[in-house]
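Trainee: Before I ask anything, let me first share the structure, which is written out below as structure tokens.
The values are calculated or read from the model by the stated rules, or taken from the named source; none is laboratory data. Just so we're clear, the structure is a prediction, and the values are computed from it rather than from any experiment. As a convention, Cβ positions derive from the backbone with ideal geometry for all residues, glycine included, and neighbour counts pool all protein chains shown. Heavy atoms of the whole protein, side chains included, go into the accessibility calculation; ligands, DNA and RNA do not. Shrake-Rupley method; radii C 1.70, N 1.55, O 1.52, S 1.80 Å.
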Amino acid sequence: MNETNPFVSTFETGRHYKVHKSYVYVAPIVAAVAVVFLTLVNGMQGWIELYYAFQKGDVHANPLMVIGLVVLVLVVIIGAFVGLYALAWKNMSYVFDEREFSFYSGIITKRRVHVPYARVQSVNHRESIIQRIFGVCTVTIDSAGGSSNKAVRVPYLQLETAERLRVELFMRKAAVAAGAESALVYDPRADLATAEGMQAHKDHVRDERGQAPVPPGQVAAVPTMWTCPQCGKANTSNFCGDCGAPQPAQVKANALDTAAAPLGDWRGLYAGTAIVGEEPVSYEFGLTNHELLLTTVSHDSPLVSALIVCVTLIVTFAFVLLAQDEVATTIAMFTLPIVLGSTLLIWVFGLLVVLFSFGNFRARRRGSRIEVERGLLARNFSGIDIERVQSIEIRQSFVRRIIGYCEISLGRIDAAGEQNKGNNDSKMNTKGLVVHPFVKLDRVDEILDGLVPEFADRPRRVDCTPLPQPAMRRALLRRCIWYNWALWVTVFIAICWAIIGGFANAGEIRFASTASYAQYDKFMVGSLIVVIVLCVAITVARGVGAVLWARHSGYAWNRRYLLVLNDGLSTSQSVVPRQKIQAGATRSNPFQRRLSLATLQAVTAAGTRATTASLIDVPANACADYLDWIKPRRQV
Amino acid sequence: MKEMPANQLDPRVKSVWRINDAIWITVIGLVAACCVVPLTFIPSVGMWPLVALCICMVAVYIVWLAMLPPIRYVRWRYEVSEDYLDIAKGIIWRKRYTIPFIRVQNTDTRQGPILRAFGLASVTVATAAKEHVIPGLQADAAEQLRDRAAELARLAREDV
């Protein structure tokens, strides 16, 4: 980087840049394989019938011919996809203009999406496993504005280009903000799209290769480049050449990261070398061994999916077994192994998914941005500007609450476009940007101070005002009776059974010949007992949650931040800056008004639509103070 | 609880609510009638489902057209101060909103056919998170309020 001029551009203004060529042969193969797989699975019945038809000799055709035909169709499908993607590639380009970034696409309908530099909020990229092999990624550019704004997606950029693109966009944004667009200098030597740039890149790669070969298993032996947090100079020795500051301590790594270091360092066939000259990193952390392991084990999603599979299987088997015919007696033997086996399989698979998605986890603070990188096979890079952080959420699930750990995430405005992709990642991103998936409660302050020092004067847990006395009674009533779905389901089932039983007694329902009334009676009483036991268990759990909630929940605000703490079996703590509260609200029902209580709500723009942090049963006068606090103060 | 916001809606909004609710209740009633009428052809059931439905409908009409609008009108209050918009509404669940103008992204007026027939309009104040609607104001008063809110939002923005 040129030190006299901070605005050195590596993309030529006005030039049309193409996405990487692998778009033509990698993307269509992924799509075609998906299509072919779906047709095969959907047409399974047909294939089997065809096979039997051949065996019986019903079809007078050469089997080889049929196979040939199928292969031909496959080739045509893949060919069509490649052709389509080639056309799409020809029509796809991106341009850096004076004041905005544009992305052109579309074969028949031409599309052009503009993002003015001033509105660029975050530039993220993500690599699927296949993209990872080739070192390309899909870049997402988020612009300001909530639900109506879709993110711009630029597919199949080389990793190096994606990183340069990010730096370029933020640099041009800074230039526009400083009114220094004319100061932009184009440096063709860093631009891979020019002959000069290509030559410089080749020289660079040759220089790197010229160094002593690294013995296998000793990845860290190469002097790694680090950037001094104090003066921003890039160094390779242990102390900064300019100000003599020591190199910051190495980021803690875990066994998976170490074992997978070559995998983590693998940037891909076409990735290019990592760029230098980004803003310095002021704070960085990874996950330790046991943090990664416990993140995986205590994560909800594997457990939930395993539970769903388990219950579905049990219900299915129950119906088959109830029939009490020959099939049932055959299946009865296999019930337990099948249910246990499948549940275990799904659980382990879910664990692996979580393990891989949080493998190689890195969170860092770079300049004004917080960046999170994660994923062992598929990689995911997300960044967010500190100005765009809507809230800090500290959450504990039930398991994590017991062992005293929590998850920290930053609330952010999600673009509507991203949510449409129904993959695992978007599900994990719905909770905002997870900056630490698993951390001991007493380390939360340390991490937040490093990552977001701007939030240093936020109110803490100890500053919270507890809820008034009546909250406990009301919470117990609310959670154990009014909003207790288990209770209402039980009541509903009991009423249904009673009505059916009544009709049966009156002889208005005739039973099938295989079952007698006594059998049905037994079944009903048995099932009702099971349901009631379940209901009692759930109600007790909800009651415990209600007591915990009423005892430990609270609210606090100071000049700049609101803290809403909802305790219970699982807890959530939201810190919302006053500037990010779009509207303050209170609501009260007649019972609350009688006790002069109200519900406090803070509406922020986080998520795709809006997020509301709320706390039930805050004293009414505190709620009035809260609304006063929301009002802008001009003198401040 | 603290004092209520100063301004009320235009009294004609009660009629707008009545017409609006009457349309909805009638539509739902007709749908329900479609389900109930076939039952009356069963000899053992007779006419009582239809009678019950009619009684229900009359009760709903009375509650929604005669009782609720005046109460709702009394409860619905707003105030535009220099820095923020204050809204109080709700009969059983009473809500109170404070929307600082610094956060307001755009304000506009809307006029449906029923509102237009009464010469009324609604003002919508949108933040990055949610939209807040002040439903029934005289058309030119709504226009003035919109302009004022937009102006205040602009000033507040410059202030920050």
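Trainee: Evaluate the following for A:Ala583: is it within 14 Å of chain B (Cβ to nearest Cβ) and aliphatic (A, V, I, L, M)? Can you show your working first?
Mentor: Working: within 14 Å of chain B (Cβ to nearest Cβ): yes; aliphatic (A, V, I, L, M): yes.
Yes, satisfied.
Trainee: Within region B:22-33, can one find any residue that is crowded, with 16+ Cβ neighbours inside 10 Å and either more than 22 Å from the chain's Cα centre (by Cα) or of a type in the set (Lys, Arg) (or both)?
Mentor: Of the residues in region B:22-33, the ones crowded, with 16+ Cβ neighbours inside 10 Å are B:25, B:29.
Still in the list and also either more than 22 Å from the chain's Cα centre (by Cα) or of a type in the set (Lys, Arg) (or both): none.
No.
Trainee: Moving on. I'd like to know if region B:107-120 contains one or more residues that are open to solvent by less than 10 Å² (accessible area, probe 1.4 Å) and over 16 Å from A:Ile581 (Cα atoms). Reasoning before the result, please.
Mentor: Taking region B:107-120 first, the residues open to solvent by less than 10 Å² (accessible area, probe 1.4 Å) are B:120.
Those left that are additionally over 16 Å from A:Ile581 (Cα atoms): B:120.
Yes, region B:107-120 contains a residue that is open to solvent by less than 10 Å² (accessible area, probe 1.4 Å) and over 16 Å from A:Ile581 (Cα atoms).
Trainee: A follow-up question, please. Of all residues in region B:68-94, how many are aliphatic (A, V, I, L, M) and part of a strand (DSSP E or B)? Working first, answer last.
Mentor: As a first pass, look at region B:68-94 and keep what is aliphatic (A, V, I, L, M): B:68, B:71, B:74, B:80, B:85, B:87-88, B:91-92.
Going one step further and asking which of them are part of a strand (DSSP E or B), we end up with B:80, B:85, B:87-88.
Counting residues in region B:68-94 that are aliphatic (A, V, I, L, M) and part of a strand (DSSP E or B) gives 4.
Trainee: Out of all the residues in region A:593-605, which are more than 8 Å from chain B (Cβ to nearest Cβ) and closer than 20 Å to A:Ile392 by Cβ?
Mentor: A:Leu600, A:Gln601, A:Ala602
Trainee: Spot the failing condition for B:Leu68; the list is (1) open to solvent by less than 50 Å² (accessible area, probe 1.4 Å); (2) of a type in the set (A, V, I, L, M, F, W, C); (3) within 14 Å of chain A (Cβ to nearest Cβ), and only one is missed.
Mentor: Status for B:Leu68: all satisfied but (3).
Trainee: Continuing with the same structure: Those residues that are among the hydroxyl-bearing types (Ser, Thr, Tyr) and either closer than 30 Å to A:Met171 by Cβ or surrounded by fewer than 21 Cβ atoms within 10 Å (Cβ to Cβ) (or both), I need them from region A:346-387; list them, please. Can you show your working first?
Mentor: Keep residues of region A:346-387 that are among the hydroxyl-bearing types (Ser, Thr, Tyr), which gives A:357, A:368, A:382.
Matches in region A:346-387: A:Ser368, A:Ser382.
Trainee: Follow-up. Restricting the search to region B:1-20, which residues are more than 10 Å from the chain's Cα centre (by Cα), not hydrophobic (A, V, I, L, M, F, W, C) and not in a loop (DSSP other than H, G, I, E, B)? It would help to see each step written out before you state the result.
Mentor: Here is the first cut: in region B:1-20, the residues more than 10 Å from the chain's Cα centre (by Cα) are B:1-12, B:15, B:18-19.
Applying the additional criterion that residues be not hydrophobic (A, V, I, L, M, F, W, C) yields B:2-3, B:5, B:7-8, B:10-12, B:15, B:18.
If the condition is that a residue be more than 10 Å from the chain's Cα centre (by Cα), not hydrophobic (A, V, I, L, M, F, W, C) and not in a loop (DSSP other than H, G, I, E, B), then B:Asn7, B:Gln8, B:Ser15, B:Arg18 are the ones that fit.
Trainee: I've got another one for you. Take the residues in region A:587-636 that are among the β-branched types (Val, Ile, Thr) and closer than 24 Å to B:Ala153 by Cβ; name whichever of them is surrounded by the fewest Cβ atoms within 10 Å (Cβ to Cβ).
Mentor: Of the residues in region A:587-636, the ones among the β-branched types (Val, Ile, Thr) are A:599, A:603-604, A:608, A:611-612, A:616, A:618, A:630, A:636.
When the remaining residues are screened for being closer than 24 Å to B:Ala153 by Cβ, the result is A:603-604, A:608, A:611-612, A:630, A:636.
Numbers: A:Val603: 24, A:Thr604: 25, A:Thr608: 16, A:Thr611: 21, A:Thr612: 17, A:Ile630: 22, A:Val636: 7.
In this case the residue turns out to be A:Val636.
Trainee: Among the residues of region A:612-636, write down those that are closer than 30 Å to A:Asp142 by Cα and more than 8 Å from every other protein chain (Cβ to nearest Cβ).
Mentor: Answer for region A:612-636, where residues must be closer than 30 Å to A:Asp142 by Cα and more than 8 Å from every other protein chain (Cβ to nearest Cβ): A:Thr612, A:Ala613, A:Ser614.
Trainee: Tell me which helices (runs of 4 or more DSSP H) are completely within region A:15-105 and hold 2 or more residues being of a type outside the set (Ser, Thr, Tyr), at pLDDT below 90 and exposed (fewer than 15 other Cβ atoms within 10 Å of the Cβ), or say none if there are none.
Mentor: Details: elements: A:22-25, A:27-42, A:44-56, A:63-90.
Output list reads A:27-42, A:44-56, A:63-90.
Trainee: Identify the single condition in (1) in contact with a Phe, Trp or Tyr (Cβ under 7 Å, 6 or more places away or on another chain); (2) modelled with pLDDT under 90 that A:Ser516 does not satisfy, given that it satisfies every other one.
Mentor: (1)
Trainee: State all residues of region B:78-88 that are more than 10 Å from chain A (Cβ to nearest Cβ) and open to solvent by 50 Å² or more (accessible area, probe 1.4 Å); if no residue qualifies, say none.
Mentor: B:Glu79
Trainee: Turning to a different aspect of this structure: Does A:Phe7 satisfy being open to solvent by less than 90 Å² (accessible area, probe 1.4 Å), at pLDDT 80 or above and closer than 25 Å to A:Pro116 by Cβ? Give the steps one after another, and end with the answer.
Mentor: Numbers: open to solvent by less than 90 Å² (accessible area, probe 1.4 Å): yes; at pLDDT 80 or above: no; closer than 25 Å to A:Pro116 by Cβ: yes.
Judged against the criteria, A:Phe7 is not a match.
Trainee: Let me ask another. Scanning region A:542-586 for residues that are β-branched (Val, Ile, Thr) and touching a strand residue (DSSP E or B) at 6+ places or on another chain (Cβ under 7 Å), which turns out surrounded by the most Cβ atoms within 10 Å (Cβ to Cβ)? Break it down into steps so the answer makes sense when it comes.
Mentor: Let us first name the residues in region A:542-586 that are β-branched (Val, Ile, Thr), namely A:544, A:547, A:564, A:571, A:575-576, A:581, A:586.
Adding the requirement that they be touching a strand residue (DSSP E or B) at 6+ places or on another chain (Cβ under 7 Å) leaves A:564, A:571, A:575-576, A:581, A:586.
Working: A:Val564: 24, A:Thr571: 21, A:Val575: 23, A:Val576: 24, A:Ile581: 28, A:Thr586: 24.
For region A:542-586, the residue satisfying everything is A:Ile581.
Trainee: Please specify each residue of region A:558-583 satisfying the condition of being of a type in the set (Val, Ile, Thr) and closer than 17 Å to A:Thr599 by Cβ. Lay out the reasoning, then the answer.
Mentor: Filtering region A:558-583 for residues of a type in the set (Val, Ile, Thr) gives A:564, A:571, A:575-576, A:581.
Hits for region A:558-583 are A:Val564, A:Val576, A:Ile581.
Trainee: In region A:435-490, what residues are closer than 30 Å to A:Ile384 by Cα, touching a Ser or Thr at 6+ places or on another chain (Cβ under 9 Å), in a strand (DSSP E or B) and not β-branched (Val, Ile, Thr)?
Mentor: A:His436, A:Pro437, A:Phe438
Trainee: Of all residues in region A:462-497, which are under 30 Å from A:Val372 (Cβ atoms) and surrounded by fewer than 16 Cβ atoms within 10 Å (Cβ to Cβ)? Spell out how you get there, then give the answer.
Mentor: Pass one, region A:462-497, residues under 30 Å from A:Val372 (Cβ atoms): A:462-464.
If the condition is that a residue be under 30 Å from A:Val372 (Cβ atoms) and surrounded by fewer than 16 Cβ atoms within 10 Å (Cβ to Cβ), then A:Val462, A:Asp463 are the ones that fit.
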